[in-house]
Amino acid sequence: GESVGLHLPTLSVQEGDNSIINCAYSNSASDYFIWYKQESGKGPQFIIDIRSNMDKRQGQRVTVLLNKTVKHLSLQIAATQPGDSAVYFCAEILNSGYSTLTFGKGTMLLVSP
Amino acid sequence: ETGVTQSPTHLIKTRGQQVTLRCSSQSGHNTVSWYQQALGQGPQFIFQYYREEENGRGNFPPRFSGLQFPNYSSELNVNALELDDSALYLCASSLVRGSIDSPLHFGNGTRLTVT
């Protein structure tokens, strides 16, 4: 498949490490945030979401942290595996009446065995 | 449950031509959105369709148009293709319009190359 990761910030980790991917969002009025994973040649895949009235949410091996004061979002992946290698995007929604996503620039995660 | 499917997967067109991309939404989803993803960038919102009508539009010119059919499937049409239209075009469906409780489910996209 084709790479979607050209010219993206890259995070390289070893298998088993914990990974932290950061994202700065643009609109202080956004009230819903989502992390997507995009593998080469595929569309974005939903990972985890968080509402603006929360500052932390945990899923299976993933945790999202939200700091509204500095408009910052992070995705933590525990015990990173080679299958986690992909481009990760944060996206925000302003509850404007339709579920339009505004995506960030993306970070490529490379996991070495 | 059938996911979002798009066709074709790849397409090569010449500048000035017209193109139609197709999308079948996930079973039961009545809202379809289209996004353009340039290489190395995040997806950008083109427009959304609900009940066969355009329900919101991003910063794209009128030569980008769409349709939604009674079975909720959708088409994206681009006229007078330009080189900068080369991108991955993603279709996403959701269950409820305007609800942030209904995450978008994306297809794998159509890779359009304009020469």
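Every number in this text was worked out from the coordinates using simple rules, so none of it is lab data. Please read all numbers here as calculations on a predicted model, not as lab measurements. Neighbour counts run over all protein chains shown; Cβ positions are idealised from the backbone, glycine included.
So that you can scan it fast, the table gives a plain yes or no per residue for (1) small (Gly, Ala, Ser); (2) in a strand (DSSP E or B):
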| position | (1), (2) |
| --- | --- |
| B:49 | no, yes |
| B:56 | yes, yes |
| B:60 | no, no |
| B:76 | no, yes |
| B:80 | yes, no |
| B:84 | no, no |
| B:93 | yes, yes |
| B:103 | no, no |
| B:112 | no, yes |
Which numbered condition residue B:22 fails, given (1) buried (at least 20 other Cβ atoms within 10 Å of the Cβ); (2) outside any loop (DSSP other than H, G, I, E, B); (3) not aromatic (Phe, Trp, Tyr): (1)
Can you tell me how many residues in region A:24-46 are in a strand (DSSP E or B), more than 10 Å from chain B (Cβ to nearest Cβ) and closer than 21 Å to residue A:81 by Cα? 2
Any residue in region B:12-23 that is of a type outside the set (A, V, I, L, M), within 14 Å of chain A (Cβ to nearest Cβ) and under 16 Å from residue B:89 (Cβ atoms)? yes
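Only one residue in B:57, B:51, B:63 is of a type in the set (Lys, Arg), more than 11 Å from the chain's Cα centre (by Cα), surrounded by 13 or more Cβ atoms within 10 Å (Cβ to Cβ) and farther than 22 Å from residue A:89 by Cα, so which one is that?
Of the residues listed, the single one that is of a type in the set (Lys, Arg), more than 11 Å from the chain's Cα centre (by Cα), surrounded by 13 or more Cβ atoms within 10 Å (Cβ to Cβ) and farther than 22 Å from residue A:89 by Cα is B:63.
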Kindly indicate whether residue A:106 is within 14 Å of another protein chain (Cβ to nearest Cβ), within 13 Å of the chain's Cα centre (by Cα) and at positive phi. yes
Single condition residue B:57 does not satisfy, out of (1) among the basic types (Lys, Arg); (2) within 22 Å of residue A:42 (Cβ to Cβ); (3) within 11 Å of chain A (Cβ to nearest Cβ): (2)
Pairs where the first residue, in region A:17-29, is under 9 Å from residue A:73 (Cα atoms) and the second is of a type in the set (Phe, Trp, Tyr), C-beta under 9 Å, 6+ apart: A:21/A:35; A:21/A:88; A:23/A:33; A:23/A:35; A:23/A:88; A:23/A:89; A:25/A:33
